[in-house]
Amino acid sequence: MSDIFFHITISHFLILAAVLFAIGMVGVLVRRNALIVMMSIEIMLTAGILTILAFARLHGDMGGHAFALVLIAIAAAEAAVGLAIIVAVFRSKRHVDLERLHHLRD
Amino acid sequence: MIPRSGYSAIAALCGAVLVFFLAPGAAAAAESGPPAPPPGAPEGALGNTAAVALLFWVLALATVAGAVFVITRRNMVAGVMGLVFTFFAVAVLYAMLYAHFLAVLQVLVYAGAIMVLFVFVIMILNKPEDEPWALTGLVGKAIAGLALLYFLMRLGGVLWGVREKPAASGAELSPGGTIQSGDFGSLAEVGRVLFSDYVFAFEAIALILLSAVVGAITIARPGSGSSSQDADEGAAVGDGERAPDA
């Protein structure tokens, strides 16, 4: 039993990444503020990168690092565009409450 | 919202976990020295010492605590600070996985650039939210929560089953056997991989960043597109930097 605690394996990193992803997903599902939702998405992306790096370590394959680099760049681009959209929405609606932004829904 | 007593509960939990891992770990390290890795085991993430285990658990706790902090805070600046904390801890986790260069990138790009972006946007729309939780459609969310829980349990089972490569007595060598163990994750290796096998991905990054910059400017420019009428009737946000021809 204590082996779980003292023998750190790749599985530990994978499960930690899964927990991080789950927390980010809870944030996306339950928060109403668009900015907090964006932060939760960043957490989920980070969890994905952590998973990729753990598997790269497991297989000794540097390709995972290239993928992680691409993911970090995509996260930066996504944050820029997403925050731009949030600013534009705030300009026109004076709020960023996702529960009240349903103009595309009905 | 976590009530005020939640902070002390979290602190107590951290303390308990620290004590739990410190005490037996120190004892084991004292009596046996660095434990020899079992034969045929893994390249393993790391040498499996008590210090490594302690480092991992502290970092895991910091990451999860920071992430929970982010999604529970009402104050957005506090949320950003929690996110920065999480990203720093995750960067150290990357380093534990021998991804030194990506750990540096994580701090530079995530904790640096992206978080500054967030802080600026929070500065622009500094508005307290009246009701932070979206407590509508509770039934659907309860079902989604249960499904998520089940999914996580199954996922945890699968992930726990991931073992180190069975036949990897050659330690960190890749199947091609080209990577010396000391080079794994180094800047030189990342550069070699990025400019040989994944050069198209590298070029795609350039395109993505360019289009993201152009798109962000186009979207957020005051007076652009269909939001111009609304922006006009809106208050002074961005009116100062409006381009004369917009």
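In table form, for the structure just shown:
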quantity	calculated
Which numbered condition residue A:91 fails, given (1) closer than 21 Å to residue B:74 by Cα; (2) touching a Pro at 6+ places or on another chain (Cβ under 8 Å); (3) of a type in the set (Lys, Arg)	(1)
Qualifying residue in the stretch B:101-109 (condition: open to solvent by less than 50 Å² (accessible area, probe 1.4 Å), in contact with a His (Cβ under 7 Å, 6 or more places away or on another chain), assigned to a helix (DSSP H, G or I) and at pLDDT 90 or above)	yes
Residue A:74 being open to solvent by 30 Å² or more (accessible area, probe 1.4 Å), touching an Asp or Glu at 6+ places or on another chain (Cβ under 8 Å) and either closer than 17 Å to residue B:97 by Cα or of a type in the set (Val, Ile, Thr) (or both)	no
Helices (runs of 4 or more DSSP H) wholly inside the stretch B:131-240 that include at least 1 residues being under 30 Å from residue B:92 (Cα atoms), within 7 Å of chain A (Cβ to nearest Cβ) and modelled with pLDDT of 75 or more	B:138-161, B:187-196, B:199-220
Which listed residue is assigned to a helix (DSSP H, G or I), surrounded by fewer than 20 Cβ atoms within 10 Å (Cβ to Cβ) and at pLDDT 90 or above, from B:62, B:91	B:62
Checking residue A:35 against (1) closer than 24 Å to residue B:146 by Cβ; (2) within 14 Å of the chain's Cα centre (by Cα), the condition it does not meet	(1)
Close pairs (8 angstrom Cβ cut-off, 6 or more residues apart or separate chains): in contact (Cβ under 8 Å) with a residue 60 or more places away in the chain in the stretch B:188-206, aliphatic (A, V, I, L, M) and in a loop (DSSP other than H, G, I, E, B) anywhere	B:190/A:62
Check on residue A:105, in contact (Cβ under 8 Å) with a residue 60 or more places away in the chain, open to solvent by 20 Å² or more (accessible area, probe 1.4 Å) and either among the basic types (Lys, Arg) or facing another protein chain (nearest Cβ under 7 Å) (or both)	no
Index of the failed condition, residue A:69 passing every other in (1) surrounded by 19 or more Cβ atoms within 10 Å (Cβ to Cβ); (2) under 20 Å from residue B:216 (Cα atoms)	(2)
Residue in the stretch A:86-97 that is surrounded by fewer than 21 Cβ atoms within 10 Å (Cβ to Cβ) and of a type in the set (Gly, Ala, Ser) present	yes
Residue A:62, sole failed condition from (1) touching a Ser or Thr at 6+ places or on another chain (Cβ under 9 Å); (2) surrounded by fewer than 19 Cβ atoms within 10 Å (Cβ to Cβ)	(2)
Every residue from the stretch B:71-88 that is open to solvent by 50 Å² or more (accessible area, probe 1.4 Å) and among the hydrophobic types (A, V, I, L, M, F, W, C)	B:77, B:81, B:85, B:88
Residue that is in contact with a strand residue (DSSP E or B) (Cβ under 9 Å, 6 or more places away or on another chain), surrounded by fewer than 21 Cβ atoms within 10 Å (Cβ to Cβ) and not basic (Lys, Arg), where the choices are A:37, A:30	A:30
Helices (runs of 4 or more DSSP H) fully within the stretch A:1-82 counting 2 or more residues that are modelled with pLDDT of 90 or more and more than 7 Å from chain B (Cβ to nearest Cβ)	A:10-30, A:34-59
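The values are calculated or read from the model by the stated rules, or taken from the named source; none is laboratory data. All values derive from a computational prediction rather than experimental measurement. We place every Cβ from the backbone using ideal geometry, glycine too, and count neighbours over all the protein chains shown. To get the accessible areas, we keep the full protein, side chains included, count just its heavy atoms, and leave off ligands, DNA and RNA. Shrake-Rupley method; radii C 1.70, N 1.55, O 1.52, S 1.80 Å.
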